[in-house]
Amino acid sequence: MSLAMPSYLTAVDTAGVAVLPVTWSDKLRQRLATITADRLSLRLLREAYEGLPMRVAQGIAGEQILSSAGLGAMPGWHRQRVDTVADGAPSTFVPGLCVAGPVGAAATTLWYVPGSASAPHDAPVPESLALAAELASGDVAVLDSRCMRRWSDPATVFRMSLVRTWIQPERDGRELITGDILPQLARFAGSPSAPAETVWQWLFERHERRPG
């Protein structure tokens, strides 16, 4: 484990964001810049996830599967996923992570609200508490999926959302599986997972209640 690894884990766990410097190569960024939501490459997505982003993400929430991906982040303030919060999951439970970064040559600023991942799902955005992190070309951010954030130039940001293997993804990644692929790629796409639609379903429909 690198000396910086514990600090990255702590940053995501407490503030909701860790910025990983010089993570995506120029060649990888060029390929990510051409990807479209209706023509995703499972191998390319896995390549963007491998290395330090994967180590940080799995260090926080364990093995995860693809939930959604594409070029262009949401405009304005947003949180990637709050349904598990609304469903009654405890604030300390991290359902998944987002991996995102600029694919252009220019730097991009990420504003985020530290600690907002544990806020109620309908909480207002306390913009006065926001911090800014500048991501240079090649830098990547790993975010708690519930963290409030916005980007200075969302159109240039490639982002990928991941969830724990038993949580329903935003998109069924199994449709991206073509031909014979490596087992780890199939697992990354969500096969043979059978995600629950809600945390309630996972806790009370798929597991017997303990007596007393």
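The values are calculated or read from the model by the stated rules, or taken from the named source; none is laboratory data. The shown structure was predicted, so the numbers you read here are calculated from the model rather than taken from an experiment. Backbone-built Cβ (ideal geometry, glycine too); neighbour counts: all protein chains shown.
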Worksheet item: What residue, of A57, A18, is in contact with a Phe, Trp or Tyr (Cβ under 7 Å, 6 or more places away or on another chain), closer than 16 Å to S161 by Cα and small (G, A, S)?
Response: A18
Worksheet item: Of all residues in segment 1-18 being aliphatic (A, V, I, L, M) and more than 13 Å from the chain's Cα centre (by Cα), which is nearest to A132 (Cα to Cα)?
Response: A15
Practice prompt. Can you give me the ranges of the strands (runs of 3 or more DSSP E) entirely in segment 55-125 with at least 2 residues that are closer than 19 Å to T36 by Cα and in contact with a Pro (Cβ under 8 Å, 6 or more places away or on another chain)?
Written response: 64-71
Worksheet item: How do the pairs read when you match residues in segment 76-100 that are more than 20 Å from A18 (Cβ to Cβ) with residues anywhere that are modelled with pLDDT of 85 or more and among the aromatic types (F, W, Y), using Cβ under 9 Å and keeping only pairs 6 or more apart or on different chains?
Response: T84/F93; V85/F93
Worksheet item: Of all residues in segment 35-94 being over 18 Å from A119 (Cβ atoms), among the basic types (K, R) and out of contact with any helix residue (DSSP H, G or I) (no Cβ under 6 Å at 6 or more places or on another chain), which is modelled with the highest pLDDT?
Response: R55
Fill in: Residue in segment 11-21 that is part of a helix (DSSP H, G or I), in contact (Cβ under 8 Å) with a residue 12 or more places away in the chain and not aliphatic (A, V, I, L, M) present
yes
Fill in: Where A117 falls short, out of the listed (1) closer than 28 Å to D26 by Cβ; (2) more than 11 Å from the chain's Cα centre (by Cα); (3) touching a residue at least 60 places away in the same chain (Cβ under 8 Å); (4) surrounded by 19 or more Cβ atoms within 10 Å (Cβ to Cβ)
(1)
Worksheet entry | segment 24-43, subset within 19 Å of the chain's Cα centre (by Cα) and not in a loop (DSSP other than H, G, I, E, B), residue surrounded by the most Cβ atoms within 10 Å (Cβ to Cβ) | L32
